[in-house]
Amino acid sequence: MADIYSEQQLQSSQECIDSCSEMRKDGALEDALRHNLSSFLRLMFTNNPKWVELHIRGSEAQVEFSRNQNEHRGFVDSLVGATAIEYEGNLQNTAKFRTGYRQVEEYCAGLLNLGYPAANIRGILSDTVQWYAYDVNILTTDKLSNFSAEDLELIEIEDINCEVDTNSNFTLLDFLDKHLGRIGSRILNADLINSDLGFSSEIASEFIPLLQNALNEISTSKPEYAELIQTVWNKFVNSVRENETADSFDIEFYVDEFFLTTIAKCLCANVLSENALISNDEELKSILNGDFFKLKGYDNVVEYDFFGWLNNLPVHATIINLTRKIQLDLRAYDYTLTIEEDLFSNLFSELANKSKRLLLGQAMTPSWLANSIVREVINNIDVQPKLIDMCCGSGTFVVETIKIVTEELEELSESQKRAKIISCITGFDIDPLAVILARINWLMVAKPFISITGSEKITIPIYNADSLFAVTPVSTNVDTGNYYSLSLLDEQVNLPKTLLMPANKSLFEKILDVGYSSIIQLSEIPEDEFYLNTLNTIQTQLSITLLDEDQSQILVFMREYYSAIFRLHSQGKNGIWNFLLLNSFRPALVENSFNGLVSNPPWLTLSRIADNPYKEFLQNLANELSIRPSGSSFLHIELATIFLLSSIERYLTDNAEIGCILPGTLLSGDHHHPFRSKEYDNSEIEFKISKIWDLDKVIFNNRGIAVFGNKSEGENSRPIPYHFESQNQQVEESQLYYSTLDSKSAWTQYNINRTSENSYVNNFTQGADVMPRSIYFHEILNYDSTSNSTHVLPINKQTSDHAYLLKDSKKFSDFRIEPSDVETATVYPVMISNALLPFHITNPPLAILPIEKHQGAWRSILATSLVTMSAGFQRWFNRASAMYGQGSNITTLWSWLDTRSKLSDQSIPQRGFIVCSGTGGEYVCAHYLRDEQVDFSRLIIDQTVNYYHTNNENEAKYLVGLLNSPSISNAIRGFQSEGNFGARHIHSLPYRIIEPFEETNDLHISIVNSTTNLISELDEFFNDSTDPKVLRLRNPNESSIAFKRRAIRSIITTLPSYNEYLEACETVLNS
């Protein structure tokens, strides 16, 4: 206790308790009690925090809450930030306690109405002797404002009684610090860190502009080093920028990253110290430059990286002052609790969105999902897990791996525990901020399980490197034989590849560390003897003997590198080079070292990356991996699969286990066909998929999947075990088949393999473009096909039964026909999707069209015929032509109606049945027309409908039955592209899946029979219904077509024949 509060503070606290207790016994009122408490606060809290001043001044903030639905204004006795305090005379009185409790509820509701998040609000009830602290839980999910006490509940989190508690003088100080000063009152988690310290926070709005000014000042004083940082930053971090982002140094992005690194370092120092530090200047500098962590045994938490020059002596006063302010804000958190999540995931995602740099990872991986994936992978590894995350971001998978590995440490020695944790996962990321955050996450999660004694040092296995090893800040890693050519500004150095072999990892590190520290102490470049002696000493320390050829190459490298460092150091351009080499070449040093992979690589197509050598490298790598798609799909090469396959080949041992999050387009996207068909086998990439999870869309706001497998030869599991993975939904096991439709492939839940020859894909035809609707569809009065003329009017959008025809009209939407008579011969029934419902077609609407049949084919009315037609038709035609612009004529209208010859090619026999199917939406909808329903010789099919003519009604029922079944929608879903609101683009997919009808096939006839029964039962249902809501479902003017189809599909599931019908369809599709 004495370490936290001074003797004077404890004594003042006790005097306060004695005074308050005496006054309460004497029946003092609440105002007197509060003022008495206030008189002691400056003595109890000698650093005079803000909340004490507010309390002493009796600051009363007016808040609003809803009482009995009327606006009411009350006063919180003291409102410190989001802490609402209510004092009562004596809480031992039950009535006063209830009154006070109600007041706290209402004041907390008022804070909600002011916009405070519920997580930030703290309610306090006290008589200055007894104290109660409450968190707020909102009970209503549909309110954003106007909260009342009834909309929330108070959750008691702590209570003290100063008259009876042991050490009550300490307890009172601690309570007031936590709940009024809010010191140590907040739990360390990703959500609170982001809301409190993110880019929308007060500290960010203050820190970032000042930091940018400081950076400008530092750059002016150190222009050479500023130029150096910008050069290597652009060469590395900026090499993977997106299209439409500048290739110049982005100071705003750089400052944002430095801001977050500073917060992370301060947080980490507090966690290591298990309390909120308020550091002097020297300790602040040691936190910024990493010495603080090195003294505690963590060697590379902070390195001399891209931000090292800002943290090196002398540190700019602005940076020191702002870092101190960050420490003051960080006092709000409790550092005694175990960290169990990636604290920086939300901050990192916010930066990605703010900077538009999707390579940072625009959506975080939830901890629960990362944990599930890591556990799935580790459960399949028989030995100690050694995992790799090649795109680790801020370290979500790193955190979850350590959490799982540390579940079983009981019987291990301290050194064994340490070794197991250090080796359990290695991470790479190209972004320097990500690496710092991931290292700090690693430290905070591993800290409770690691003890460091004496001179022991831990190197956290997270590295700032491109895991594809395509680019480093000092090279492009272009294959130049036995060397990598390094450019250290104007200095050229050849790095022998033999030094980057995994067996030489320690040798490489020693050469850099030992020689680097020596060379910068010399006054001139040493002679050859220096390099030989240094290398011999290192070999002795590592107990190795190099081959003469290798030794010769390495000595040349040492001479070139050390000399370059000497010259750069003398020019003030040193500091960062060892960091760059030790990190960016790490991928070569750990090849084939891991028995597992867990990751969520960036979901980004190559077309989104700016044109530069890195993009060219990725294109070539896709070719080498045999996953570059053909045709126009090559534009959509996906980075995620490149990262996965390249990492499997480079980093994993044989039979290693894999769990990787990938975009959902992998299931059916044409650009992923080479991956699904395992064309990477041609490149001798060993990856056998064993399981797929379909991830809840809410996780990434896009469909994602988790793919599992191992590094081994052979076919993927057939079928692949598959289930839907959600945090709150029970897993339902299923399976995926490798399905094909001609050249298209997909992983689907139906085993489908069809070609055009054994399907209906060439039988169904899309209708003509009877658009725009406002030109051709009008109110047709008393239509009689036998009369010579028909009266037409504009459609009244409010009252007409045909208003639905203009509902979504955009082009020429203000066009209105003049009331007139036109030739009946120019009025045609048009089959549109709005008339199409499951197992039902409403009467096709009528349209005026300038067409005629000639020798069985549609063509435009001849120009010479127009002059002989009615005045009403000519006025309509002239106004319609004018809508297309000056000079438009009958040819203009015909060219639009006959787009891609879809009208002139419509040749429908006058007898038989026309199967009609919608072209869009997530679910297929179909029915058929009989020749007695409509005159087929005059019927026009619109482009929103695909149609097929048959003379066999059984075939029509077979097709309609299958097309309307949920089975067909489920079967094609695997081949459908997806938008934000679900599957789309039915196109020709259903017809590709359905096998040709055979009258002798009993399975086909079972569909015919069950469909016949279902149609009859559905018609009977509508004929017998008196419910207006049901009857409106067949009225094209009511509701949206999607709603009506959905409602009818629901009705169908209740009909007697439905189960028989569904089973028949399932049987045929899976046969």
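Observations, loosely collected:
- Only one of the numbered conditions (1) closer than 30 Å to ASP1019 by Cα; (2) outside any strand (DSSP E or B); (3) not hydrophobic (A, V, I, L, M, F, W, C) is not met by TYR828, and that is (2).
- When restricted to residues that are under 18 Å from ASN47 (Cα atoms) and either surrounded by fewer than 20 Cβ atoms within 10 Å (Cβ to Cβ) or not assigned by TED's automatic domain parsing to the domain that holds CYS162 (or both), the range 15-26 contains 0.
- Some residue of the range 421-430 being without any contact (Cβ under 8 Å) to a residue 40 or more places away in the chain and under 18 Å from THR338 (Cβ atoms): yes
- Residue ID - surrounded by the fewest Cβ atoms within 10 Å (Cβ to Cβ), chosen from residues in the range 92-105 that are without any contact (Cβ under 8 Å) to a residue 40 or more places away in the chain, of a type outside the set (Gly, Ala, Ser) and more than 23 Å from VAL52 (Cα to Cα): THR94
- Pairs linking a residue in the range 33-49 that is in the same structural domain as SER126 (by TED's automatic domain parsing) and within 20 Å of GLU22 (Cβ to Cβ) to a residue that is of a type in the set (Lys, Arg) and crowded, with 17+ Cβ neighbours inside 10 Å, with Cβ atoms under 8 Å and 6 or more positions apart or on different chains, are LEU33/ARG24.
- Filter pass, SER756 being outside the structural domain of ARG900 (by TED's automatic domain parsing), surrounded by 13 or more Cβ atoms within 10 Å (Cβ to Cβ), in contact (Cβ under 8 Å) with a residue 12 or more places away in the chain and not aromatic (Phe, Trp, Tyr): yes
- Of all the listed residues (VAL731, VAL770, VAL698), the sole one being buried (at least 20 other Cβ atoms within 10 Å of the Cβ), modelled with pLDDT under 95 and part of a loop (DSSP other than H, G, I, E, B) is VAL770.
- Test: residue in the range 520-531 that is under 25 Å from ASP299 (Cβ atoms) and outside any loop (DSSP other than H, G, I, E, B): no
- Per-region count, the range 789-829, residues more than 54 Å from the chain's Cα centre (by Cα) and acidic (Asp, Glu): 2
- Scan of the range 370-395 for residues that are under 27 Å from ASP466 (Cβ atoms) and basic (Lys, Arg), ordered by number: LYS386
- Test: residue in the range 489-498 that is in contact (Cβ under 8 Å) with a residue 12 or more places away in the chain and under 37 Å from the mean Cα position of the chain (by Cα): no
- If the condition is being among the hydrophobic types (A, V, I, L, M, F, W, C), outside any strand (DSSP E or B) and either modelled with pLDDT under 90 or surrounded by fewer than 18 Cβ atoms within 10 Å (Cβ to Cβ) (or both), then the range 488-499 contributes only LEU489.
- Any hit, the range 588-609, residues being among the β-branched types (Val, Ile, Thr), modelled with pLDDT of 90 or more and either surrounded by fewer than 19 Cβ atoms within 10 Å (Cβ to Cβ) or within 17 Å of LYS510 (Cα to Cα) (or both): yes
- With respect to the stated conditions, ILE841 fails to be surrounded by 22 or more Cβ atoms within 10 Å (Cβ to Cβ), within 43 Å of the chain's Cα centre (by Cα) and β-branched (Val, Ile, Thr).
- Residue count for the range 106-120 satisfying the condition of being surrounded by fewer than 21 Cβ atoms within 10 Å (Cβ to Cβ), at pLDDT 85 or above and closer than 26 Å to LEU91 by Cβ: 1.
- Selection of the range 285-305 for residues being in a helix (DSSP H, G or I) and in contact with a Leu (Cβ under 9 Å, 6 or more places away or on another chain) yields LYS285, SER286, ILE287, LEU288, ASN289, PHE292, PHE293.
So that you can scan it fast, the table gives a plain yes or no per residue for (1) crowded, with 17+ Cβ neighbours inside 10 Å; (2) over 23 Å from ASN113 (Cβ atoms):
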{"position": "PHE147", "(1), (2)": "yes, no"}
{"position": "ILE155", "(1), (2)": "no, no"}
{"position": "HIS179", "(1), (2)": "yes, no"}
{"position": "ARG182", "(1), (2)": "yes, no"}
{"position": "SER185", "(1), (2)": "yes, no"}
{"position": "ASN189", "(1), (2)": "yes, yes"}
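- The residues in the range 724-776 that are closer than 30 Å to ALA882 by Cα and among the basic types (Lys, Arg) can be counted, and the count is 1.
- Candidate set from the range 306-330 (those that are touching a residue at least 60 places away in the same chain (Cβ under 8 Å), in a loop (DSSP other than H, G, I, E, B) and not polar (S, T, N, Q)); member that is farthest from GLU257 (Cα to Cα): HIS316
- THR534 fulfils the conditions (1) modelled with pLDDT under 90; (2) at negative phi except for a single criterion, (1).
- Just one of (1) closer than 21 Å to ASN592 by Cα; (2) in a helix (DSSP H, G or I); (3) at pLDDT below 90 fails for TYR516. It is (1).
- Evaluated against (1) in a loop (DSSP other than H, G, I, E, B); (2) farther than 25 Å from PRO629 by Cβ, HIS723 falls short on exactly one condition, (1).
- Hits in the range 148-173 - residues which are at negative phi, modelled with pLDDT under 90 and of a type outside the set (Val, Ile, Thr): ASP165
- Flag if SER865 is under 19 Å from LEU897 (Cα atoms) and either modelled with pLDDT of 90 or more or in contact with a Pro (Cβ under 8 Å, 6 or more places away or on another chain) (or both): no
- Set ALA438, ALA370: member being over 17 Å from LEU260 (Cα atoms), part of a helix (DSSP H, G or I) and not β-branched (Val, Ile, Thr): ALA370
- Residue count for the range 773-785, restricted to those that are in contact (Cβ under 8 Å) with a residue 12 or more places away in the chain and in a loop (DSSP other than H, G, I, E, B): 4
- Of the helices (runs of 4 or more DSSP H) entirely within the range 981-1071, those holding at least 1 residues that are surrounded by 14 or more Cβ atoms within 10 Å (Cβ to Cβ) and touching a His at 6+ places or on another chain (Cβ under 9 Å) occupy 1002-1024, 1041-1052, 1058-1069.
- Just one residue in the set ILE914, ILE861, ILE890, ILE848 is closer than 16 Å to TYR948 by Cβ and assigned by TED's automatic domain parsing to the domain that holds ASN951; that residue is ILE914.
- Residue among VAL271, VAL255 that is assigned to a helix (DSSP H, G or I), at pLDDT 90 or above, touching a helix residue (DSSP H, G or I) at 6+ places or on another chain (Cβ under 9 Å) and over 24 Å from TYR335 (Cβ atoms): VAL255
- Residue within the range 886-893 that is in contact with a Leu (Cβ under 6 Å, 6 or more places away or on another chain), under 30 Å from ASN763 (Cα atoms) and surrounded by 16 or more Cβ atoms within 10 Å (Cβ to Cβ) present: no
The values are calculated or read from the model by the stated rules, or taken from the named source; none is laboratory data. These figures come from a predicted structure and were not determined experimentally. Note that each Cβ is placed from the backbone with ideal geometry, even for glycine, and that neighbours are counted across all protein chains shown.
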